[in-house]
Amino acid sequence: MRKNKITTKIVGGKYKSRVLELPSLDTTRSSKSILKESFFNVLQFDIIDTLFIEGFGGSGAIGLEALSRGASHSYFCEIDKNSFKTLQRNCESIDIENTTCLFGDTFEKLPNLLNQIEQQKNIKDKEIILYLDSPFEFRDGMDNIYQKTFNMVSNITNKNIIIIAFEHMTELEIPDELGIFSKYKNKKFGKSSLTYFHINN
């Protein structure tokens, strides 16, 4: 581990207590530990053998925690070069075989990834959990990022996605319906919140 790096730890599962680097706080924002704990309490056994996708990867802390707790593979999208390097190092140190890091714009990479999963016979029927923690809208260059994220989700057609979780500013209003998905739970953690969607029955 490089000196003067900010770190966090995996808190549960087979990789518990393994150390992860965090990127510079200037480029990404780490999820609160209480929020992360709540998220995995909600998932519990639903995460076992799923494909986990962290749409705005950052350090990969959520997706690697998911892998530690039983997901079969974790995928990450990240556009910031320095954050991506940190993400790669974390995946290499935890489980390089069962992680995939995609460098580039989430709004391009994630729809392509979902399409690719649908084409692969060995994984196309696996359940998917999608975690979306887009940068807060007030950051430079992030105007309308929430609306772009909503639009992206509205266009998803994969019917094996069992949960979509949004981490977002608490004051943000999130639509009740996004394409084939509907909102079913919201939990607040101060300035940040988690809102959950599942597929319409």
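Report, in listed order, any pair from Lys14/Lys124; Lys9/Lys183; Lys14/Lys183; Lys85/Lys148; Lys32/Lys109 with a Cα-Cα distance greater than 28 Å. Pairs exceeding 28 Å: Lys9/Lys183; Lys14/Lys183.
Overall, the accessible surface of the range 59-201 at a probe of 1.4 angstrom is composed of carbon and sulfur to the extent of 45 percent. Dipole magnitude for the range 60-201: about 300 debye, using +1 per Lys or Arg Cβ and -1 per Asp or Glu Cβ, origin at the Cα centre. Measuring only protein heavy atoms, the 1.4 Å probe finds Val11 accessible over about 80 Å². Between Leu102 and Phe76, Cys77, Glu78, the built amide H atoms are under 5 Å apart, and every one of these is 5 or more places off in sequence or on another chain. Here the 3J(HN,Hα) profile of the range 150-165, calculated from phi with Karplus coefficients 6.51, -1.76 and 1.60 at θ = phi - 60°, is 4, 4, 4, 5, 4, 8, 6, 10, 5, 8, 9, 7, 8, 8, 10, 10 Hz, Gly and Pro shown as x.
Solvent-accessible surface of the chain, averaged per residue with a 1.4 angstrom probe and all protein chains in place: 51 square angstrom.
Computed extension gain for Gln116 through Asn158, at 0.36 nm per residue and net of the alpha carbon distance, reaches 14.0 nm.
Classify the range 66-167 as rounded, prolate or oblate from the Cα gyration tensor: take a ≥ b ≥ c as the square roots of its eigenvalues, call it rounded if a/c is under 1.5, otherwise prolate when a/b beats b/c and oblate if not. Verdict is oblate for the range 66-167. Among rounded, prolate and oblate, which fits the range 79-138 when a ≥ b ≥ c are the square roots of the eigenvalues of its C-alpha gyration tensor, a/c under 1.5 means rounded, and a/b larger than b/c means prolate? Note, shape of the range 79-138 comes out oblate. Residue by residue, the range 77-88 carries 3J(HN,Hα) couplings of 10, 8, 9, 7, 4, 5, 5, 5, 5, 5, 4, 4 Hz when phi is fed to the Karplus relation 6.51 cos²θ - 1.76 cosθ + 1.60 (θ = phi - 60°); x denotes Gly or Pro. Subtracting the Cα-Cα distance of Asp49 and Lys124 from 0.36 nm times their residue separation leaves 25.7 nm of extension gain. Here the Gaussian network model covers the chain, with springs between Cα atoms less than 10 Å apart; of Ser134, Ser33, Ser182, Ser33 fluctuates the most.
The values are calculated or read from the model by the stated rules, or taken from the named source; none is laboratory data. Only a predicted model underlies this, so the values are computations on that prediction, with no experimental measurement involved. FYI the Cβ positions are ideal-geometry reconstructions off the backbone, even for glycines, and counts take in every protein chain you see. Heavy atoms of the whole protein, side chains included, go into the accessibility calculation; ligands, DNA and RNA do not. Shrake-Rupley method; radii C 1.70, N 1.55, O 1.52, S 1.80 Å.
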